[in-house]
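To keep things clear, I will list the structure first and then write my remarks on it.
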Amino acid sequence: MKARPARVSRELARKVLEGYGEVAGVQCAVLFSADGFEIASHAADAAASARLAAIGSSLAALGTALSGEAGLGDFERTTIESDRGAVTIMRVGSSRSMSLAVVAGKDAVLGQLLWATQRCCQALGKLLDP
């Protein structure tokens, strides 16, 4: 029986996300569609990753609208920082129909988090672009 390409892509995406296990402070990473559905994740809590996908898609849509309204071009990423850590949401692939949300605790170094997320988005884009 031959595997469907979409299923293979999800499993490959999950393998890429497992690389976040080596990034200090990262608690979870979720790849999601523009309509808020989880595609793949590296997280201990499946319900939390589904909620993060839904909220992340809303934030990405807001970022797109705000970037366009301000005349800044295409939305690339947003980062929310708090006293307990940070969440970054970054677009994935040329179709811009997917994004990656990464949650990190306060022990994470923001520059390392952004660098690792950008590298991950590039790898995912190569796997998932049509």
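The values are calculated or read from the model by the stated rules, or taken from the named source; none is laboratory data. Note that the coordinates shown come from a computational prediction; the quantities given were computed from them, not determined experimentally. Note: ideal-geometry Cβ built from the backbone for every residue, glycine included; neighbour counts use all protein chains shown. In case anyone asks, the SASA skips ligands and DNA or RNA and just uses the protein heavy atoms, side chains included. Shrake-Rupley method; radii C 1.70, N 1.55, O 1.52, S 1.80 Å.
Brief remarks follow.
- The structure shown yields log10 I(q)/I(0) by the Debye sum over Cα atoms at q = 0.11, 0.17, 0.20 Å⁻¹, and of the options [x] -0.94, -0.96, -1.09; [y] -0.35, -0.84, -1.15; [z] -0.42, -0.90, -1.14 that calculated value carries the label [y].
- Shown in residue order for the range 36-53 are the 3J(HN,Hα) couplings computed by the Karplus curve 6.51 cos²θ - 1.76 cosθ + 1.60 at θ = phi - 60°: x, 9, 5, 9, 7, 8, 10, 7, 7, 10, 5, 5, 5, 5, 5, 5, 4, 4 Hz (x for Gly and Pro).
- Per DSSP, loop GluC sites (Glu not before Pro) in the range 21-94 with at most 15 further Cβ within 10 Å: 76
- For a paramagnetic label modelled on residue 61 (point 7 Å from Cα along Cα→Cβ), amide N atoms under 17 Å away belong, within the range 25-44, to 32-39.
- Percent accessible area from carbon and sulfur atoms, the chain, protein chains only, probe 1.4 Å: 55
- Residue 35 sits with roughly 110 Å² accessible to a 1.4 Å probe, with DNA, RNA and ligands left out of the calculation.
- On full extension, the segment bounded by residue 77 and residue 15 gains 20.1 nm, given 0.36 nm per residue less the C-alpha separation.
- Normalised per residue, the accessible area of the chain is 60 Å², obtained with a 1.4 Å probe and no contribution from ligands, DNA or RNA.
- Translational diffusion of the range 69-130 was estimated from the Stokes-Einstein equation, with Rh taken as the Kirkwood radius over Cα pairs; at 20 °C and 1.002 mPa s the coefficient is 172 µm²/s.
- The trypsin sites (Lys or Arg not before Pro) of the range 60-102 that meet both conditions, a loop assignment by DSSP and at most 11 other Cβ atoms within 10 Å of the site Cβ, are 84.
- With helices as the sole contributors, the chain gives -14500 deg cm²/dmol at 222 nm; each DSSP H run of n ≥ 4 counts as -39500 (n - 2.57), and the sum is divided by every residue.
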